[in-house]
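No lab work stands behind these numbers, since they all come straight from the coordinates. Just so it is clear, the structure is predicted and the values come from calculations on it, not from any experiment. Please note: Cβ atoms are built from the backbone with ideal geometry, for glycine as well, and neighbour counts cover all protein chains shown.
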Ligand SMILES: Nc1ncnc2c1ncn2[C@@H]1O[C@H](COP(=O)(O)OP(=O)(O)OP(=O)(O)O)[C@@H](O)[C@H]1O
């Protein structure tokens, strides 16, 4: 197995001017008096000593980011060399013109590596930080491949209007939410401009009629959420028999418990060509090893790439975490919002995304903020699709610069210039936290993230500490102390069957085929549907079980409390000398959770 680690400089790509929200000056911060509550004292008055400190984070946008080091790790057989530029990747002429029209001068690191792999016809699992350009990394080579292939001859263009034959797309992109599907559709359309390809989107929450009419005119690329796709295939409106490219964006979410049955149905039982015939690409910013193992069912002789620090969020995001009681949250939030508008033109709010757990809390907080004079909107699964779309639009345009959201907005959404992500309620897993804060700090820009940590988040302490340390953030002492408590030492991962402790896997930035400190044979008891056969103790291809290649597994920064080494080298049992991690409550992302959050 080839393995390589390189440190790249994202020269050119990270050179962004993100001045819209960087006008908070140090003097403005220090001169601003502390404001509390705002509702006549009804709310408790929390201390906000960290507000000024946090706002300092906003200034990191003023730094030049083009010298940012990005480590890249690649594993698999016969890995094609990365492309220096878009032209080197062998993209079709028309696609190159579209890249230029999009203003992309240089490929991002994940694009440099992924494009040649996809162009070479290889399967791929790509783990790259949020906002690092994964959409183009799969769209560009897929569009280019379809252009090179020419007309497939099985598309619906040939049929007469009386022949209601099913549309037969050649590329299928699956995404977990409607908004993300719509966004990918827009991107794919840009890259397909004047190529003769048709890109069609299908997602739930809207009448099927318009989408079907669109499909009837032909579809080369279909971007879809799983539920709506299954519905369309079952009604014989779409046939998957011509699929050449299968892409799963946010693949770890797609393969987690809420979606996996539908994904299996789509891939295995809906006439899609087998994995040795089609080309399959999985992309996400997090790939827990259990999900990798499951995903390998859908892949054939794949290459794994990880871009960015192993299992970390980007260092471009300044993370803060504040210990609060539930009763203090609103008052603290109000103060945070008041402080961050100081120095902005007309005291406007920078774009701020506030994550909460429950739909009703999203609405309640939105109204409360509105009554306090903060223009806010909300997006969650309880709203109609029209309401969701108009909320997103109103946030994007800055009409309501504050958006309260459930996890439905946590993945993939690319809203330029989100300055601040506030985890009013922390999610149940560190992966979800990574995706949530990744709504800021995109495409080389800087961002700020604040988490409200309460007693109920203790199970997240260790994972959060590891992540913040990994991303070189200042970690409060209390978090270190919490993370050391026995009942906090387990996993903070939210997926089913995820083993406690992390065991070096972190958030899945490593190819699981190369890990020798993780017990892949275990964990199946809690994971009955995920039988894979994908991992066979090192007998896969040229994989050498003990080899770690260039991966540096040492703990970074000051924190050294990681649980690595707590397992025997890939065997079935824990080392006798190290007590097994205590069970730590984690919340499986089951269907109920997903529905509650409005996933599609
Ligand atoms: N080569 C490039 N040059 C400049 N900007 C780029 C380039 N590639 C992508 N971008 C921009 O970077 C932003 C983030 O890209 P994208 O949404 O694909 O990120 P992502 O990695 O999929 O993030 P997430 O993990 O959150 O889904 C987008 O606004 C996109 O237009």
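Brief remarks on what is shown
- Model label points for residue 102 and residue 348, set 7 angstrom from Cα along the Cα-to-Cβ axis, are 2.7 nm apart.
- Each label point was placed 7 Å from the Cα along the Cα-to-Cβ direction; for residue 478 and residue 148 their separation is 5.6 nm.
- Rg/Rg_ref, the range 103-143, where Rg_ref = 2.2 N^0.38 Å and atoms are Cα: 1.06
- Maximal additional length on extending the residue 206-residue 84 stretch stands at 39.7 nm, based on 0.36 nm per residue less the C-alpha distance.
- Neighbour-count ranking [beta-carbon atoms within 10 angstrom, fewest first] of 102, 127: 102, 127
- Label point at residue 485 placed 7 Å out along Cα→Cβ; residues across the range 415-436 whose backbone nitrogen lies under 19 Å: 425-430
- Scaling against 2.2 N^0.38 Å puts the C-alpha radius of gyration of the range 125-283 at 0.96.
- With q set to 0.23, 0.30 Å⁻¹, the log10 of I(q)/I(0) for the range 236-276, from the Debye formula over equal scatterers at the Cα positions, is -0.83, -1.11.
- Within the range 237-303, all pairs of alpha-carbon atoms sorted by distance into 5 Å bins from zero give the percentages 4, 17, 30, 27, 16, 5, 1, 0.
- Here, the range 173-229 is characterised by an Rg to Rh ratio of 0.94, where Rg is the alpha-carbon radius of gyration and Rh the Kirkwood radius.
- Computed on the Cα atoms alone, the convex hull of the range 384-472 gives a volume of 100 cubic angstrom per residue.
- Förster radius 56 Å - calculated FRET efficiency between residue 323 and residue 190 (Cβ-Cβ, nearest 0.05): 0.80
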